[in-house]
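S.K.: A single structure is presented below for examination.
Every number here is computed from the coordinates shown, using simple stated rules; none is lab data. Because the structure is predicted, anything quoted here is derived from the model rather than measured. Glycine gets a Cβ as well: all are built from the backbone with ideal geometry, and neighbour counts include every protein chain shown.
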Amino acid sequence: MAGSASDSDHTRSFCFVHAADLHLDTPFSGIHESAPFVAEALREASLAALDAIVALALERDAAFLVVAGDVYDGPERGLRAQLRFRDGLARLADAGIASVVVHGNHDPIASGWSAVGSWPDAVTVLGHETVGLVSIERDGEQIATVQGISYATRAVAENLARRFSRPDGPGLHVGLLHCNVEGAAEGYADYSPCTLDDLRSTHLDYWALGHVHQHRVLAEGTGPGDPWVVYPGNSQARSPRPSERGAKGAVVVHVAGGRVTRVEHVACDAVRFAERACAIDGIASLDDLEDRLSALGEEALEAAAGRSVVVRARLVGRGGLHGELARPGVTDGLLAHLRDAAGHAARFCWWDALVDESRSGTDLDAVRARGDFSSDLLALAESLAGDDAALDALGSELVGGVPRLLARDVHALAGDTDALRALLEEATHLALDELGAGEQ
């Protein structure tokens, strides 16, 4: 049952900072092979993001900071990352700002190495055996209680949220947990799985979560005992995956009248990942394509608001340039040239990949009207594309006898009619190109 708030709770206003998934000192091994200076910039970026979070807490005069797991990228926990984290929290402690930290699946307590012998008095790293409670005071008054629990090992299957409950005591009640809330986002390991109902049943006021790398507000609380449920996202992007794109940082949680009034996401990242689509329609030459891609890179830099950016471009659309792009080594050569042009500037636009998804400029209406083999082939393909049962049969045939001829994992196509339809479309256009169906 939700607790009651005192009169002083209803008049005091403050804020706190909620961060998670710092992944300090991430190595970026894949990028390091092709661009060591970019990999080093990204490795420094995770530490710079930590510094920005500390600066944010100081600038906003936050009452406290909570960190919801995955402080480090692995249990080995590099020495530089540990000392940088300790020193950042010490700066907050010197300013009277408390910090409460839990560990997650990337940096579990039992299997992780710690080089920090002692933390400042205002810093609490919660253990893994029981849910720990930390009282937060300001000017001699208890304004909040933070409770949380760390992971002992990497793979935690227990629903740890069920261990939490609202204790007696004044102020805001905050739960701190690294977990996967059902329906929050796709593609995340199901560590400490729970539901929104599990979190609401604790009657806390705010759930400070970690694990999901996108900023998500899963629930906006209506008052004491009905919690806000928030993922801040990671503080610094780590790869070109969709979940890593866009602004990354922490959230400032504003409290007034004994309840959370709003949550403000603040960017703290130093390097951003972006994806841009470049349509080849109307582009006459590779020179023109290079100019268009360079312009897209400049747009990505401008959108990054003063940060460096790692860009992945998808070449889409239809046109005569598709034939040039299909030549062996063309996209690789263009990618290498764009990288050379980017140089080694302090603020860079690094081209991670060019993915050719373009198609030929074949006029399908003209092909349909020709009444030859090409039109018959197109009619057959379009009929097959509209027949789910026939597509399923095609998938079974591919898995059974043709996979060695294809440069893709056809086993993943079995039963996936959308993927089979896309593959059929691609094969049809390739066949029409080889037949010269676009010629008049």
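S.K.: Would you order Ser239, Ser111, Ser358 from fewest to most other beta-carbon atoms within 10 Å of each residue's own beta-carbon?
M.R.: Details: Ser239 17, Ser111 13, Ser358 25.
So the residues, fewest neighbours to most, are Ser111, Ser239, Ser358.
S.K.: Still on this structure, please answer the following. Calculate, in nm to one decimal, what Glu382 and Ser201 gain on full extension: separation in residues at 0.36 nm each, minus their alpha carbon distance.
M.R.: On the way: separation 181, 0.36 × 181 = 65.16 nm, distance 5.29 nm.
Here the segment from Glu382 to Ser201 would lengthen by 59.9 nm.
S.K.: While we're on this one: How large is the Kirkwood hydrodynamic radius of the stretch 271-356, counting all unique pairs of alpha carbons, in Å? Spell out each step's value before the answer.
M.R.: Numbers: mean 1/r = 0.0765 Å⁻¹.
Hydrodynamic radius (Kirkwood, Cα only) of the stretch 271-356 equals 13.1 Å.
S.K.: Would you please give the FRET efficiency between Glu397 and Asp288, computed as 1/(1 + (r/R0)^6) with r the Cβ-Cβ distance and R0 = 45 Å, to the nearest 0.05?
M.R.: On the way: r = 41 Å, r/R0 = 0.92.
Here the calculated transfer efficiency is 0.60.
S.K.: What do you get for the angle between helix 79-94 and the principal long axis of the chain? Use alpha-carbon atoms, 0 to 90 degrees, nearest ten.
M.R.: Computed tilt is about 50 degrees.
S.K.: Which length gain, in nm to one decimal place, applies between Arg327 and Ala279 when the Cα-Cα distance is subtracted from 0.36 nm times their residue separation?
M.R.: Contour length minus the Cα-Cα distance gives 15.5 nm.
S.K.: A further question follows. Around Asn105, under 10 Å between beta carbons, what's the net of Lys plus Arg minus Asp minus Glu among the other residues? Walk me through the intermediate numbers first.
M.R.: Numbers: positive: Arg154; negative: Asp70, Asp107.
Taking every Cβ under 10 Å from that of Asn105, the sum is -1.
S.K.: Now a separate question. What number in nm² do you get for the stretch 75-162 if you take the convex hull of its Cα atoms and divide its surface by four? Please report the intermediate quantities before stating the final value.
M.R.: On the way: hull surface 25.1 nm².
Its average projected convex-hull area is 6.3 nm².
S.K.: So how much slack lies between Arg370 and Ser114, counting 0.36 nm per residue of separation and subtracting their Cα-Cα distance, in nm? Intermediate values should be presented prior to the final figure.
M.R.: Working: separation 256, 0.36 × 256 = 92.16 nm, distance 7.30 nm.
Contour length minus the Cα-Cα distance gives 84.9 nm.
S.K.: Next question, about the same structure. Obtain the nm distance between the two label points defined at Ala55 and Val316 by a simple spin-label model: each point lies 7 Å from its Cα along the Cα-to-C-beta direction.
M.R.: Between Ala55 and Val316, the simple spin-label model gives 3.6 nm.
S.K.: Right, here's the next one. Whole angstrom only: what separates the Cα centroid of the stretch 235-301 from the Cα centroid of the stretch 117-173?
M.R.: 33 Å
S.K.: Could I ask something else about it? Taking the Cα atoms only, what angle lies between the long axis of helix 373-385 and the longest principal axis of the chain, rounded to 10 degrees?
M.R.: Computed tilt is about 30 degrees.
S.K.: As I understand it, the value is the acute angle between the Cα axis of helix 286-303 and the longest principal axis of the Cα atoms of the chain; what does it come to in degrees, rounded to 10?
M.R.: In the chain, helix 286-303 runs at an angle near 10 degrees to the longest axis.
S.K.: Under a point spin-label approximation (7 Å from Cα along Cα-to-Cβ), what is the Asp340-Asp139 distance to one decimal in nm?
M.R.: Going by the 7 Å Cα→Cβ label model, 6.5 nm.
S.K.: Just need log10 I(q)/I(0) for the stretch 7-267 at q = 0.10, 0.11, 0.12, 0.16 Å⁻¹, Debye formula, equal scatterers on the alpha-carbon atoms, no solvent, rounded to two decimals.
M.R.: -0.44, -0.54, -0.64, -1.19
S.K.: Moving on. With 10 angstrom as the radius, rank Cys268, Cys15, Cys179 by how many other C-beta atoms surround their C-beta, starting from the fewest. Before the final figure, lay out the partial values.
M.R.: Details: Cys268 25, Cys15 21, Cys179 29.
Sorted ascending by nearby Cβ count, the order is Cys15, Cys268, Cys179.
S.K.: Taking the number of other C-beta atoms within 10 Å as the exposure measure, put Phe16, Phe373 in order starting with the fewest.
M.R.: Working: Phe16 28, Phe373 10.
Final ranking by Cβ density, sparse to dense: Phe373, Phe16.
S.K.: How big, on average over all directions, is the shadow cast by the Cα convex hull of the stretch 229-309, in nm²? Numbers along the way, then the final one.
M.R.: Working: hull surface 28.8 nm².
For the Cα atoms of the stretch 229-309, the hull's average projected area reads 7.2 nm².
S.K.: Counting just the Cα atoms, what span does the chain cover along each of its three principal axes? Round to the nearest Å and put the largest first.
M.R.: 87, 50, 40
S.K.: Grab the other residues whose beta carbon is less than 14 angstrom from that of Arg80, score K and R as +1, D and E as -1, and report the net.
M.R.: Numbers: positive: Arg43, Arg77, Arg84, Arg86; negative: Asp25, Glu40, Glu44, Asp51, Asp73, Glu76, Asp87.
Net charge in that neighbourhood comes out at -3.
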